[in-house]
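Working notes, structure below.
The values are calculated or read from the model by the stated rules, or taken from the named source; none is laboratory data. Every value quoted in this text rests on a predicted model; they were computed, and no experiment measured them. Using ideal geometry, Cβ is built from the backbone for each residue, glycine included, and neighbour counts are taken over all protein chains shown.
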Amino acid sequence: MSTERIEGELGAFRDEYPQTANVVRKLFAVSFAALGVGGLFGLIQALHRTGVFRFIPSKDYYTVLTGHGVLLALVFTIFFLCGIFTWSIVDSLERPLESVTFTKTWVAIMSAGSTMAGVAILAGFVGEIPFQADVLFTFYPPLQAHPIFYIGLALFIIGTWLAGIDWFRTYWNWRGDNPNKSPPLRTFMVLMTMLMWYLSTLGVAVEVVFFLIPWSLGLIQTVDPLLMRTLFWYFGHPVVYFWLMPAYLIWYTILPKLAGGRLFSDPLARIVFVLFLVLSTPVGFHHQYMDPGIPEGFKFLAMSNTMFLLLPSLLTAFTVVASMEYGARKNGGTGYLSWLRNLPWGEPAFAAMALAGLMFAAGGFSGMVNAGMNVNYLVHNTLWVPGHFHLTVGTAVALTFMGVTYWLWPQLTGKRLQHRTLATIQPYLWFVGMTLMSNAMHRGGLAGIPRRTAEPQYENFEFEALFGTIGEIRWQIALGGILLTLSLTLFLIVVVGTWLVDRSAIAVDGDLPPALSGPEEAPKAINNLRLWLVIAVVLVALAYGPPLYTMIQDGLFYPGQPPQPTALEPLWEVLP
């Protein structure tokens, strides 16, 4: 076992665990690089779709769209998650990871996989290069990518599995030394998130390894689009919580400290993560309401499970707001709402996290529309969907990650945060930009404007906005995209500027205060990881077992035989 802990004069994480801090810095560096490139692609999309300015021909739009989705929704978020989880495990258990070599191995595998997928995507700009991947973030058929894209995705997922093993190994060794203690809250959150990830990635692993890679290599001639979509969305909605759960970890454990207070309830936070494990995977069919071949009853079951997922979000809203209010009242806040003025809105880390939480509340309301079967038909495949998506992963996750970087980056580098004025402005600029863009996207979705198309207009058809005009909606999207890009630029300037300066003699307060209601008040069953995993597996089997069996029985897919629909035939033309 590594013995890297070194007592440093500053007491910062970098001085206590230099090897782990180095790993976390590298994970963050890859994450921020993907954020920069993906953010640039987002600006190109916003200006292209609105017709304000076109940098590229429309045929290259789908390369940009794929790069924007994969780089931001997978590479940026998951590399950052691996960094914050590695820090959380080591810092909360107060022991290093078991093997630095093993840690470097999974980081290398994730990096190799991301590079392969990224090269395949960027090759779309060069027409004569054979390996391309203009398949969008939802990479299921009938669109087909080059094998290196799918192989890269497989390696990326394997890397995340190994990362989870690394964290579990560290926890198991800690438990051997502390058999009667509850796992620290941050460790518990990491482990529950990874159990959910292992369960939910089974679908996409089967899709990529057993179908898409052989299909792209020409080893099999056809794949069934409905089966591929089902396997993808089995994974596709839980991955949203894989992004959100580290944001929840930050809101529960770091945000109360920044507000000057303490977490309201440790047991309630654990219950929230239990609910995410149990409920997040059996909901994927709510992305397939319009798909034929899936019984309506199972779509209704997915809708019900999705609505139950509102519960952990509502519990989080109560707990986090109560924790902030406790801190504000400690600092002299009074009244029903006037205590909000006593929160540290001038601190960039706090402001970013608090604004992200506020934006997530708005995303929850639009998410209920997506989840409802009947209402979803009105907004399916319109701009409403990316409008919702940008409220959740684009702000609740991204802005929270930026905020915690302002707090954690000095601890990882041993350097004082630079350009504080820019850091203070940046969260508010992001909030304004996203408010403009997501509002216009939701309104455009209600008008029926499609998503995922290089051209926003159908031929011989004019959209009519319910509020304002279509032209005003497009300009609002463009302005929001410009402000978001400017905010992202400020963030990267702060991060890079801090990294490049010399170390400074600062004492970084990285200690997190205990909760008002501690883990000793939680029922013992809450910490029973095996119990909750078994319940989650049973619910997944009930939600997905019969529909998948029905697909096989109906002849949509027979192992060893060519399926009825080809990859390029519309599914509805071959269904009985």
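Comparison of THR66, THR115 shows that the only residue that is modelled with pLDDT of 90 or more, part of a helix (DSSP H, G or I), among the polar types (S, T, N, Q) and crowded, with 22+ Cβ neighbours inside 10 Å is THR66.
Six or more apart or on different chains, Cβ atoms under 8 Å: show the pairs whose first residue is in the stretch 108-119 and farther than 8 Å from LEU155 by Cβ and whose second is of a type in the set (Val, Ile, Thr) and part of a helix (DSSP H, G or I). Pairs that qualify, where the first residue is farther than 8 Å from LEU155 by Cβ and the partner is of a type in the set (Val, Ile, Thr) and part of a helix (DSSP H, G or I), are SER111/VAL30; SER114/VAL30; SER114/VAL75; ALA117/VAL70; ALA117/ILE148; GLY118/VAL70; GLY118/VAL75; VAL119/ILE148.
Residues of the stretch 418-430 that are touching a residue at least 40 places away in the same chain (Cβ under 8 Å) and surrounded by fewer than 22 Cβ atoms within 10 Å (Cβ to Cβ): GLN418, HIS419, ARG420, LEU422, THR424, ILE425, TYR428, LEU429.
When restricted to residues that are more than 16 Å from GLY51 (Cβ to Cβ) and small (Gly, Ala, Ser), the stretch 448-464 contains 1. The set of residues in the stretch 402-431 that are out of contact with any Pro (no Cβ under 9 Å at 6 or more places or on another chain), at pLDDT 95 or above and among the small types (Gly, Ala, Ser) is empty.
Going through (1) of a type in the set (Val, Ile, Thr); (2) part of a loop (DSSP other than H, G, I, E, B); (3) under 22 Å from PRO282 (Cβ atoms) one by one, THR230 falls short only on (2). The sole residue among MET353, MET402, MET434 that is in a helix (DSSP H, G or I), closer than 25 Å to LYS26 by Cα and touching a Ser or Thr at 6+ places or on another chain (Cβ under 6 Å) is MET353. Looking across the stretch 460-495, the residues that are exposed (fewer than 15 other Cβ atoms within 10 Å of the Cβ) and of a type in the set (A, V, I, L, M, F, W, C) come down to PHE461, LEU466, PHE467. Among the candidates LEU263, LEU244, the residue that is aliphatic (A, V, I, L, M), touching a residue at least 60 places away in the same chain (Cβ under 8 Å) and assigned to a helix (DSSP H, G or I) is uniquely LEU244. Here the stretch 373-417 is the region considered, the condition is being within 22 Å of the chain's Cα centre (by Cα) and of a type in the set (Gly, Ala, Ser), and the residue that is nearest to ALA21 (Cα to Cα) is GLY403. Test MET441 against the criterion of being assigned to a helix (DSSP H, G or I), aliphatic (A, V, I, L, M), under 30 Å from PHE139 (Cβ atoms) and at pLDDT 95 or above, and give yes or no. So MET441 does not fit the description; no.
Among the residues in the stretch 152-170, are any under 30 Å from ALA522 (Cβ atoms), modelled with pLDDT of 95 or more and touching a Pro at 6+ places or on another chain (Cβ under 9 Å)? Within the stretch 152-170, one or more residues are under 30 Å from ALA522 (Cβ atoms), modelled with pLDDT of 95 or more and touching a Pro at 6+ places or on another chain (Cβ under 9 Å).
Checking PHE156, PHE137, PHE168 one by one, the residue that is within 24 Å of PHE401 (Cα to Cα) and either part of a loop (DSSP other than H, G, I, E, B) or among the small types (Gly, Ala, Ser) (or both) is PHE137 and no other. Total residues in the stretch 94-112 satisfying the condition of being modelled with pLDDT under 95 and surrounded by 22 or more Cβ atoms within 10 Å (Cβ to Cβ): the figure is 1.
Hey, among the residues in the stretch 523-576 that are in a loop (DSSP other than H, G, I, E, B) and modelled with pLDDT of 85 or more, which one's surrounded by the fewest Cβ atoms within 10 Å (Cβ to Cβ)?
In the first step, residues of the stretch 523-576 are kept if they are in a loop (DSSP other than H, G, I, E, B); the result is 523, 528, 554-570, 574-576.
Remaining after also requiring modelled with pLDDT of 85 or more: 523, 528.
Working: PRO523: 10, ASN528: 12.
Only one residue fits best here, namely PRO523.
Return a yes/no flag: does the stretch 148-157 have any residue that is out of contact with any Lys or Arg (no Cβ under 6 Å at 6 or more places or on another chain), buried (at least 23 other Cβ atoms within 10 Å of the Cβ) and closer than 30 Å to GLN411 by Cβ. Yes, some residue in the stretch 148-157 is out of contact with any Lys or Arg (no Cβ under 6 Å at 6 or more places or on another chain), buried (at least 23 other Cβ atoms within 10 Å of the Cβ) and closer than 30 Å to GLN411 by Cβ.
When the stretch 290-331 is filtered for residues that are in contact with a His (Cβ under 7 Å, 6 or more places away or on another chain) and outside any helix (DSSP H, G or I), only MET290 remains.
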